[in-house]
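Enquirer: Provided herewith is a single structure, encoded as C-alpha cells, for subsequent inquiry.
No value in this document is a laboratory result; all are computed from the given coordinates. Fair warning: this is a prediction, and the values are worked out from it, not measured in the lab. All Cβ positions, glycine included, derive from the backbone under ideal geometry; neighbour counts span all protein chains shown.
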Amino acid sequence: MELLIFYPLAIACVVLSMLVVFNSSPIASAMSLIGMMLCLAGVFVVLQAHFLAALQVIIYAGAIMVLFMFVIMLLNLSDDDKQWVARERNLFLSVSAGALILGVLYKFIDITSGTEFNSPAEVPDTFGTVRQVGTTLFTDFVLPFEVASILLLVAMIGAVVLAKSKVD
Amino acid sequence: MVPLSHCLILSATMFSIGVLGVLIRRNAIVVFMSIEIMLNAVNISLIAFDRYMNQHDGQIFSFMVIAVAAAEVSVGLAIVIAVFRNKPTVNLDEFNLMKW
C-alpha cells in the first residue's frame with residue numbers, strides 16, 4: 001500500500017526535477033521546483049517524517065520558492081537563457097567522471113544489497129511526530145539548534161548588506 | 001513499508017539530476033535551483049535511514065539542512081542581485097568580477 005503511494009510520488013519528483021533542469025524559462029523551472037517540493041513532502045509523509053513534511057511545505061515551497069520567484073520577477077529574466085552554449089569537450093575528464101559515477105553506483109548497490117539492510121527496525125506509530133522530533137531536538141541537539149539560529153541571523157544580515165544599493 | 005534501497009535510488013537519481021543542472025545550465029538562478037534539488041535529495045536519504053534505524057537523528061540533520069538551505073538561498077540571491085546591478089546578466093559565464 002505504501003509502495004503504491006511512494007512510486008507515483010517518486011516518479012513525479014524525478015520528472016519535475018528534470019523539468020527544472022531542462023526548462024528554458026526560469027519561471028517554469030521555479031514552478032516545477034515547487035511541484036517537486038510538494039511531491040517530496042508526500043514522500044516524507046510516506047517515510048513517517050510528518051514534521052519534516054510540514055517543514056518542507058512551509059519553508060521550501062512557501063518561503064524559499066517565493067524568494068526565487070521574487071528575484072526572477074525582479075530581474076525580469078525573460079530572454080536570457082535562450083542559447084545553450086556547449087563547453088569544450090575534455091575526453092579525460094569525461095571518462096574519469098563516468099568511471100567515478102559507475103564506481104559509486106556499484107559500491108552503492110553492493111552496500112544496500114547487504115543482509116543487514118533486509119530487516120528494518122520496528123517503528124512505533126508516533127515516529128516522526130512533532131513531539132518526538134522536538135524532544136530529540138531540544139535534548140540531544142540543543143547546541144546545533146542554537147548555532148542554526150545564529151547562522152540564520154548571519155545570513156539575514158549578510159543578505160541585507162549584500163543587497164543594499166550602495167555601500168556608504 | 002518502502003524498502004531502503006528504493007529511497008536511496010530516488011535520492012541518488014535526484015542528486016544526479018541536480019549535479020547535471022549545475023553542470024549544464026548557465027543561468028545562475030537555475031543553478032541555485034539545482035543546488036536545492038541536491039539538498040532535497042540528501043534529505044530523502046537522511047530520512048530514509050532514519051526511518052530504517054528507528055532514530056530521530058536523521059530528521060534533525062534534515063532540519064539543519066533546511067536551515068542551511070534557507071541561509072544559502074537568501075545570501076546567494078542577494079549576491080546575484082548585487083552582481084546584476086553591476087552587469088545586467090545572470091549568465092554564469094559572464095561573471096568574471098573576481099577573476100584576476
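Enquirer: Once you average over the residues of A:58-66, how many Cβ atoms of partner chains fall within 10 Å of each Cβ?
Expert: Mean partner shielding for this stretch: 3.
Enquirer: Something else now. Need one number: the % of Cα-Cα pairs in segment A:129-168 sitting beyond the 12 Å mark.
Expert: Value for segment A:129-168: 67 percent of Cα pairs lie more than 12 Å apart.
Enquirer: What value, in deg cm²/dmol to 500, does the helix sum -39500 (n - 2.57) over DSSP H runs of n ≥ 4 give at 222 nm once divided by the residues of the protein assembly as shown?
Expert: About -24000 deg cm²/dmol.
Enquirer: For the protein assembly as shown, take N as its residue count and report Rg(C-alpha) divided by 2.2 N^0.38 Å.
Expert: That works out to 1.07 for the protein assembly as shown.
Enquirer: Can you give the mean number of other chain Cβ atoms that lie within 10 Å of the Cβ atoms in peptide B:74-85?
Expert: 6
Enquirer: Here is a follow-up. So how much slack lies between A:R89 and A:I111, counting 0.36 nm per residue of separation and subtracting their Cα-Cα distance, in nm?
Expert: Full extension from A:R89 to A:I111 adds 4.6 nm.
Enquirer: Please grab the % of Cα pairs in segment B:26-90 that end up more than 14 Å from each other.
Expert: For segment B:26-90, the fraction of Cα-Cα distances above 14 Å is 64 percent.
Enquirer: Provide the per-residue ³J(HN,Hα) series for segment A:63-72, in order, calculated from phi with Karplus coefficients 6.51, -1.76, 1.60 and θ = phi - 60°, each as a whole number of Hz, with x at glycine and proline positions.
Expert: 8, 5, 6, 5, 4, 4, 4, 4, 5, 4
Enquirer: Separate question: Using a 10 Å cut-off around each Cβ of peptide A:149-162, what is the average number of partner chain Cβ atoms that fall inside?
Expert: Going residue by residue through A:149-162 and averaging, the value is 4.
Enquirer: Then there is this: Comparing B:I24, B:I47, B:I35, which has the greatest mean-square fluctuation in the GNM of chain B with Cα pairs linked when under 10 Å apart?
Expert: B:I24
Enquirer: Related question: What FRET efficiency would be calculated for the residue pair A:V57, B:V68, taking the C-beta separation as r and a Förster radius of 25 Å, to the nearest 0.05?
Expert: So the FRET efficiency works out to roughly 0.85.
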